[in-house]
Structures are given as structure tokens and as C-alpha cells.
Amino acid sequence: MRLPGLPGATAAVPEVMSVSDESDRSMVATICPYCACGCGFYLEVERGQARRIIPRSDHPVNQGALCPKGWASLEMIHHPERLKWPLRRTADGWERLSWQQALQILADNLRRIGDTRGPDALGFLSSTKCTNEENYLIQKLARTMGCANVDSCARLCHASTVVGLRRSMGSCSVTNPLSDLANSRCILVIGSNFAENHPILARWVLQAKEAGATLIVADPRRTPTAWLADQHLPLRPGTDVALLNGMVRHILDQGLHDRDFVQRRTTGLEQLRSSLADFSLARAERITGVSAGELARAARAYASSPASAVVYGMGVTQHASGTAGVEAVANLALLCGQLGRPGTGILPMRGQNNVQGACDMGAMTEFYPGYRLPEDPRTVQVFGAAWGSTCLPARKGLTSMEMMDAALFGTLKAMYIVGEDPICSHPDQSRTRQALQSLDFLAVQDIFMTETAEMADLVLPAACWAEKEGTFTSAERRVQRIYRATDPPGEAREDLWIVSNLARTLGLNFPYTDASSVFQEICRRVTIYKGLVDLGDFGGFWPCLEPGKWNEILHQDCFPTEGGLARFLPATYCPSTQEPGADYPLLLTTGRKVCHFNSGSITRRTPSLLAISDHLVVEMNPEDAAVLEIVEGDRVWVKTVQGSASGYAHVSGSIPAGVVFMPFHFPATNRLTGDARDPISHIPELKAWACQVKKEV
Amino acid sequence: MPVYVDVGRCVACHGCEMACSVSHQGRSGVFVQVVDDLVGVSMICRHCQDAPCIRVCYAGALQQEGTEVVLDETLCTGCGLCQAACPFGLISGGTRPFKCDLCPGLQTPLCVTTCPSGALSDGPFQAVAGHFRALAAQKLARSGVRR
């Protein structure tokens, strides 16, 4: 058995994705189902069971490396708690159904509520863990039913990126490949703890550092990412816009900007300049808590290096001013001309393996596939003709945050949630719970009985990534194929099968036989995917208009805007509404830990990850802990105006005094966060909430 | 030849632990110790040239083979003396001891290839020292270049 990229492999076997030998073993190439880096590995399958993971040493993203979550992905496939049959809630508990019954119930309810209340009474949440093909079909299902309310968990992580970067430079993705970070001479990381959440990035960042690059990390906590940094800027939570504005103003004052780039490729510098009239470094220092000297040093390093990149994450996006944060990042990069060349760029680090693809496929209510605006008459015309539908909504519907509002108001009556767990992932859990309870009908499709599925009227068992075919689009816009390695457990089915059959039960035109027939349609209808007909071993990048031809680096000559210029957008700093006070003296910020993933529905069921970390920690500074007489390991209660939750104290000098950190992988954390959100992108504020901590007595 | 860790590169992701345990029936010979919530140190058998574990093993289950310290589980009595003798605490498993076997059959131990940040390396002492020497020299050279 010889396969490319195996340790000890001697000959490359081109185009071979699955090889069997005499012992009934086969190797199936796949892409990691966790974060959006898109690392490649093989699954070794023996007698229908996935036995082993072998990282691909020839894969351009991970080069044979793999993080602990990647290794642990095997444990979800044959997990005993996998959902195996369609289930209906009854007074006596869950009742097992046949697929025909389940699809009929789902179709009847969607049809009944759609007919009596109108299609706007329906809400669809698509899954960023599903393939591009499945996301395309889910949004098509919603829209061909006349419903504009289709969204995904991209709302919770990078909605502000999609909106903000599009407004300033016409495209809303990573501009340069992840591995291109190795060519950077200065890397500014803001609000991203990639060392824990996208560990493979450390490889490329450290290569750059080894070649002499400066690494600057802005994060309230001294994270493992900050450990790698030459300069750590420990800003107060929620002050990213002030930090970036201060740096931009300093660069303008000192004349460190790239005048030629600004003149040739941008508009709006004067508006930006006047918007920063009162944003001196001294003011930035007062707001952020980072000294003016440190800010000036970081600004100079970024502006004056021959190739600087910005990596940012949810520390920038998950704020009530998330869009302003993203626009401030864009301003900095545009001002210094750090775009369109190797080693430069803006890299928003996406969380889910296919969140980029879900956005590309129109699983965000603002966009039809390929980021076409619903308000543009040509969009509805094109997709109406393609799908044979006359009732496509020519407007934006409700975001996932607004769907919860509408459910509470009683205008949204039914939801079909695919592969998402809003109870854990949405802010203000008691409100989310109330919202879902007030629905007439809730259907959840997932691989496990999640906290949200527990509330459903109908639960549909889905196949996991190793049990289906399709494509994932990683954070760097790399579209890669996955292959079916094993059969789903029990009667679980691929989401593609479920959605197609549901659509047919509803009498809609879904003539798809498999993932490749859907992908062919995607290549025809989504311009940026047009040339991606042959994905080869390691996929291809979008935008790709002709087979085999793509630019790994965006914005080299012009921006995809009208006129080809990028715009400076004044980013207004809004102080957080959550200032700590007498009742709630500490500031709670939420985030991630290396051995868990998002809502935790998978990793909290993975024994080898639980062995490393199995409980909710509440990280706090030794000073705060001493005042509250809390020591390491104490059980503590954290309380905010929204609710309270308990966890175990971890007393650490890595977190500044006055700040408390909790990962959101455990359901308790989002009992504490509230319903503030960004007015433009509707991304919730998840990073700064006033709280109090008490030791449990 | 043991595996070396560059603590400046380790991001304490536990990838090496997981890779080791997945490839050794759930037992890991690598332990990522996080010191002061800051520094990740991957602790892996040093394959000592004058190994205390070999000296205390009266059953001959631990043997020096070239540059490696090899454990033969079939000879092991489970007395636990090796675990007490290891100055680094890198033999684990109680009555069923386990330690780094440098992944027989693989060119490079899995912990080394799996490390996302490239913090682990293996090879002869001289090669590893040479690598670190070259890095340090580059750093010194850069500090002397006028910008």
C-alpha cells in the first residue's frame, strides 16, 4: 500500500484517494473536521471501522502535523452516543420513527406553518460543519420555500468580518494563504489565540520569526500565542477599536503610511484622518491600558516592515462594535499598503472547518450563493431561473440572532436547525431557551443529542464528516474534497440525502443524486467557484474563473469593488456598555481552550480530550482571587445581570487583574452573556460582560 | 537518540501527547507540562546513556540498544523500580510500565512530525546542537545588521 504523504512512502500515487490492500484495509484521504485550517490526513479503515489517523506529510497546510483535536476526531465517528434513528418527542419520551415518517412530519409542519403564517414564520439554520454542497441545498430549500430566514453560526463568529471587509475592500475572506505567513516580516495578531485554536498557524508564524520577523500579539490574556510574541499588548477587553485607531493615527502623524498605495488604490483618507482628530496615542493609552510607547513601537514595526500581516480572531469580531473593529483592521492594512504581496494581508481566523464555505454558499441571510445580494434584481432572476422557482425572496431575512427575537415575539413559528447548538453557542441562554420553547415546531438535525436537540419535537440523525462526500472550503479559501470512509451508524444519513428527500417530500425540484452533481451546479452558479471543476489532491483556491488558475493572494492589482478601489471607513470607538461597577466589579471575557471546540457537543464526548480538560474553568488573577479568598480548584459562582454559572477556579498570572476568563465549550458559560449585539452585522457581544465571582460555600 | 523540545516554540497544544497515545494503544510516553501557565515543556524519555532505570531493573527488561533505552514488556515484573528511578518521571503506567519507544517502524517519531509549531526534533546530539547553534548565530547576525 503506497500513498503520497505517508511516512516512509517512496512513490507518489497521483489522483489516488483510496487504496485497498489484501487485508481489507483502505486509506481514505480527508480533511480535519475541526477548525478552518484545512489540515489533511488519511483515515485508515478496516472492515468498515475507521481505525487510525495518518497525517499527510505532503499536505501543503499541515505538512504531516496535527493538533490534539485532529487526532481525537476519530473518537466521534464510532461514538456510542451517536444518533442512530429519527426520533419524535411524545409524552412518554422519544419515539423511534422511520425516515419516511420523519420526513413527512417535518414537511407537513413546515408546509402547514408556511401556508398559514407565511414563509417568514419559518427559520433555517444551516451548518458550518456541513459540506458546501449541503449548505447550498439548505439555503436553496429555504429560499425556494419563499423564506429569507436562513443563517448559520457564521453569525456568531465572523459576521462582522463578512460585513466589514466587504464594505472596505469588497471581499470578505483571508487575503493570503496561511503558509504565506512564513514570508512576513512583521505579524500583528489581535484578538486571536491561534496557538490554541489554530495550532498549525504557529508553524508558519515561527518560520517567519526564525527568519527575523517581529511578532506582536494584542490580547488581554497572556495566552500561548502571546508566549511566542516579541511584543505583547495586554489591552482591556473591548478596546480593540481604540488600540487600532491609536496606531492608525500615530502612523498618519509620523508619516509612516504608504502614500503611493493610498493614492493609487484607496479612497476616503481625509474622512479617516478627520475621524481620528481626537484619537491621540495618549487617549488610546487611557482607553486600552497599553502604554503610548508600546503602541507607537507596534505601529512603527507594522508600518515600516517590508511585509506585514494582520491575524485577527474573535477578540475583534465578537463585540457590539465588531464591524468597527474589522474596519479598523482594514484601515491599518490599507494605510500601510500591506496587502496584495507575499507576507502581507489580513487573515481573519475562521473557526469552523467549513464556515468560509457556508458563507460562500449563501448560508447567511444577507447573501445568495457567491455573495450576491438579494436586493439586486439580477440575483433573484438568475437563481429563479436556475432553480425553477418564482417565489425567491428578494430581500434579506432574519439573522440567527433575530430569529430568536422573532420566536419570542411569536412571529417565527418553526425552525429547522442543522448541525448547530444555539443553546450552548448563542448568548443569553435562558432567553434562547425561551425562544426555542415558544416555537410551534422545532426540528434539529445533528450527530449527537445536543442541548438544543433535547428541546426539539423532531430529531434527525446525520452522518458525520467521515461518512460523506463533498467539499470543504478552509479559511484560506482552499476548496478541498472529502471522501466517504465509513458508513453512518444505524439509520443516520448524510445531510445532503436528508435535505434532498425533505425537499422532494415538499414537492420541490431537487434533482440531485450525489455531492458531485450539486458541486457541478455550484461551479455553474457561483462565479468565484466557476473554474474549480477539478480539485486534485489539495484542492484549489477561489476566486477561480478558469480551471487551474487562481490567485492565492488577493488584491494584487485591484479590489473587487466598483472602481477597484478600497475605502477607508472611519471606525468609531464605542465604550462597552459593560463597565464593571459596585455590584459587578469584574469583567468576564469568553474564549476557547486548546482541547475543546466551540459548543463542545463533540469534544465533551471525546474521552481523550476530556482526559486533558474535563471541567469548566474560571480563570482569574491571583490579586482578585486573594480578595475573594479563592484558591486554585475552588468551586466558584460567576454572576452577571443575565444569570449565574458555576465552575472551578484557575488562579493564574496569565490573566490581568479585574478580568475573568471562561471558555464557552461548556453550556454554563452562555448563561452569563447577554443580548447586546453589533447593529450592522448582528454579531453578539461575547467578550466583555461585567460580572461578580463568589466562592461556593 | 531522544527527542528534543524547543520550549520557545512549544505552544502547549498537547498534540504530541495525543499522537503518542493514539499510536500506542492509549498510553502516552510524552507529557506536556505547562509551567506557570506559560511555558510548555514536552517531557519525553531522554534515553540516557547511563540510564538509572536500566541499573535498577533486576529483570533485565530495560536494556541499552545503541543510543536507545528499550523496554521489553515480556520480561517486566511490574515492580515499579524503574518509575521511581527515572529522574524525569518519564516511565509511567504503574505495574504495566510504558515509556517512549521512539516509534519503531517510523523514520521520525510521531510526536516530532505531529508538532504543529515544530518544537520537537530528533537526531544525533551533534545535529540537534548544530541546528540550535545555527539559529542562535542567525539571531546574532541580525542584531549586527544596521537597519
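Scan the range A:656-675 residue by residue and report those that are among the β-branched types (Val, Ile, Thr) and either without any contact (Cβ under 8 Å) to a residue 12 or more places away in the chain or closer than 15 Å to A:VAL693 by Cβ (or both). Please lay out each step first, then the result.
To start, the set of residues in the range A:656-675 that are among the β-branched types (Val, Ile, Thr) comprises A:659-660, A:669, A:673.
Result: A:VAL659, A:VAL660, A:THR669.
Residues in the range A:320-334 that are in contact with a Ser or Thr (Cβ under 8 Å, 6 or more places away or on another chain) and more than 16 Å from A:ARG166 (Cβ to Cβ): A:ALA320, A:SER321. Listed by first and then second residue, the pairs with beta-carbon distance under 9 Å, at least 6 apart or on different chains, first residue in the range A:626-647 and in contact (Cβ under 8 Å) with a residue 60 or more places away in the chain, second of a type in the set (Asp, Glu) and surrounded by fewer than 18 Cβ atoms within 10 Å (Cβ to Cβ), are A:ASP634/A:GLU696; A:ARG635/A:GLU696; A:VAL636/A:GLU696; A:GLN642/A:ASP675.
Whether any residue in the range B:135-145 is farther than 22 Å from B:VAL32 by Cα, within 14 Å of another protein chain (Cβ to nearest Cβ) and either at pLDDT 95 or above or assigned to a loop (DSSP other than H, G, I, E, B) (or both) is what I want to check. Quick ask: steps written out before the conclusion?
Residues of the range B:135-145 farther than 22 Å from B:VAL32 by Cα: B:135-145.
Right, trim to within 14 Å of another protein chain (Cβ to nearest Cβ) and you get B:135-145.
After this cut, where a residue has to be either at pLDDT 95 or above or assigned to a loop (DSSP other than H, G, I, E, B) (or both) as well, the list is B:145.
Within the range B:135-145 (the criterion being farther than 22 Å from B:VAL32 by Cα, within 14 Å of another protein chain (Cβ to nearest Cβ) and either at pLDDT 95 or above or assigned to a loop (DSSP other than H, G, I, E, B) (or both)), the answer is yes, since at least one residue qualifies.
Taken together, the residues in the range B:56-92 that are surrounded by fewer than 16 Cβ atoms within 10 Å (Cβ to Cβ), of a type in the set (Gly, Ala, Ser) and under 19 Å from the mean Cα position of the chain (by Cα) amount to 4. Scanning the range A:145-199 for residues that are of a type in the set (Ser, Thr, Tyr) and over 25 Å from A:GLN556 (Cα atoms) yields A:SER152, A:SER192.
Can you find even one residue in the range B:109-118 that is part of a helix (DSSP H, G or I), exposed (fewer than 11 other Cβ atoms within 10 Å of the Cβ), more than 9 Å from chain A (Cβ to nearest Cβ) and of a type in the set (A, V, I, L, M, F, W, C)?
No, the range B:109-118 has no match at all.
For the range A:643-672, taking the residues that are under 20 Å from A:ASN598 (Cβ atoms) and over 19 Å from the mean Cα position of the chain (by Cα), the one that is nearest to the other protein chains (Cβ to nearest Cβ) is identified as A:PHE661.
Scanning the range A:176-189 for residues that are of a type outside the set (Ser, Thr, Tyr) and in a loop (DSSP other than H, G, I, E, B), which turns out surrounded by the fewest Cβ atoms within 10 Å (Cβ to Cβ)? Walk me through how you get there before you give the answer.
As a first pass, look at the range A:176-189 and keep what is of a type outside the set (Ser, Thr, Tyr): A:176-178, A:180-183, A:185-189.
Of the ones still in play, those that are also in a loop (DSSP other than H, G, I, E, B) are A:176-177, A:185.
On the way: A:ASN176: 26, A:PRO177: 23, A:ARG185: 19.
Only one residue tops the list, namely A:ARG185.
Could you grab me the full set of residues in the range A:111-128 that are in contact with a Phe, Trp or Tyr (Cβ under 7 Å, 6 or more places away or on another chain) and crowded, with 24+ Cβ neighbours inside 10 Å? Give the steps one after another, and end with the answer.
Our first condition is that a residue be in contact with a Phe, Trp or Tyr (Cβ under 7 Å, 6 or more places away or on another chain); within the range A:111-128, this holds for A:113, A:124.
If the condition is that a residue be in contact with a Phe, Trp or Tyr (Cβ under 7 Å, 6 or more places away or on another chain) and crowded, with 24+ Cβ neighbours inside 10 Å, then A:PHE124 is the only one that fits.
Could you pull out the residue among B:VAL22, B:VAL69, B:VAL32, B:VAL39 that is closer than 23 Å to A:LEU609 by Cα, in contact with a His (Cβ under 7 Å, 6 or more places away or on another chain) and of a type outside the set (Gly, Ala, Ser)? Steps first, please.
Values: B:VAL22 fails: in contact with a His (Cβ under 7 Å, 6 or more places away or on another chain); B:VAL69 fails: closer than 23 Å to A:LEU609 by Cα; B:VAL39 fails: in contact with a His (Cβ under 7 Å, 6 or more places away or on another chain).
From the options B:VAL22, B:VAL69, B:VAL32, B:VAL39, the qualifying one is B:VAL32.
In the range A:471-505, what residues are among the acidic types (Asp, Glu), surrounded by fewer than 22 Cβ atoms within 10 Å (Cβ to Cβ) and either touching a Leu at 6+ places or on another chain (Cβ under 8 Å) or closer than 24 Å to A:ALA107 by Cα (or both)? Steps first, please.
Let us first name the residues in the range A:471-505 that are among the acidic types (Asp, Glu), namely A:476, A:487, A:491, A:494-495.
With surrounded by fewer than 22 Cβ atoms within 10 Å (Cβ to Cβ) added as a condition, the list becomes A:487, A:491.
Matches in the range A:471-505: A:GLU491 only.
If you check A:ALA394, A:ALA299 for being farther than 20 Å from A:ILE528 by Cβ, of a type in the set (A, V, I, L, M, F, W, C) and free of Cβ contacts under 8 Å to residues at least 40 places away in the same chain, only one passes: A:ALA394.
Residue-wise test of (1) surrounded by fewer than 24 Cβ atoms within 10 Å (Cβ to Cβ); (2) touching a His at 6+ places or on another chain (Cβ under 7 Å); (3) closer than 24 Å to A:TRP550 by Cα; (4) within 14 Å of chain B (Cβ to nearest Cβ).
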| residue | (1), (2), (3), (4) |
| --- | --- |
| A:GLU133 | no, no, yes, no |
| A:LEU137 | no, no, no, no |
| A:LYS140 | no, no, no, no |
| A:SER152 | no, no, no, no |
| A:CYS157 | no, no, no, no |
| A:VAL162 | no, no, yes, no |
| A:VAL174 | no, no, yes, no |
| A:GLY191 | no, no, no, no |
| A:PHE194 | no, no, no, yes |
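Given the condition of a type in the set (A, V, I, L, M, F, W, C) and within 30 Å of A:GLU366 (Cα to Cα), answer yes or no: does some residue in the range A:640-662 qualify? Taking every residue of the range A:640-662 in turn, none turns out to be of a type in the set (A, V, I, L, M, F, W, C) and within 30 Å of A:GLU366 (Cα to Cα).
Taken together, A:ARG236, A:ARG222, A:ARG203 contain a single residue that is facing chain B (nearest Cβ under 9 Å), charged (D, E, K, R) and not in a helix (DSSP H, G or I), which is A:ARG222.
Sort through A:GLY212, A:GLY246, A:GLY268 and tell me the only one that's more than 20 Å from A:SER654 (Cβ to Cβ), facing chain B (nearest Cβ under 9 Å), of a type in the set (Gly, Ala, Ser) and over 27 Å from the mean Cα position of the chain (by Cα). The unique qualifying residue is A:GLY212.
If A:ARG51 passes every condition in (1) surrounded by 22 or more Cβ atoms within 10 Å (Cβ to Cβ); (2) farther than 20 Å from A:PHE538 by Cα; (3) not hydrophobic (A, V, I, L, M, F, W, C) but one, which one does it miss? Single failed check for A:ARG51: (1).
Counting just the residues of the range A:38-69 that are within 14 Å of chain B (Cβ to nearest Cβ) and either charged (D, E, K, R) or under 25 Å from A:ALA453 (Cα atoms) (or both), which one comes out nearest to the chain's Cα centre (by Cα)? Within the range A:38-69, the match that is nearest to the chain's Cα centre (by Cα) is A:LYS69. For the range B:1-43, filtered to residues that are assigned to a loop (DSSP other than H, G, I, E, B) and more than 10 Å from chain A (Cβ to nearest Cβ), the residue that is surrounded by the most Cβ atoms within 10 Å (Cβ to Cβ) is B:GLY29.
The values are calculated or read from the model by the stated rules, or taken from the named source; none is laboratory data. Everything numeric in this text was worked out from a predicted model, so none of it was measured. Positions of Cβ are backbone-derived with ideal geometry, glycine not excepted, and every protein chain shown enters the neighbour counts.
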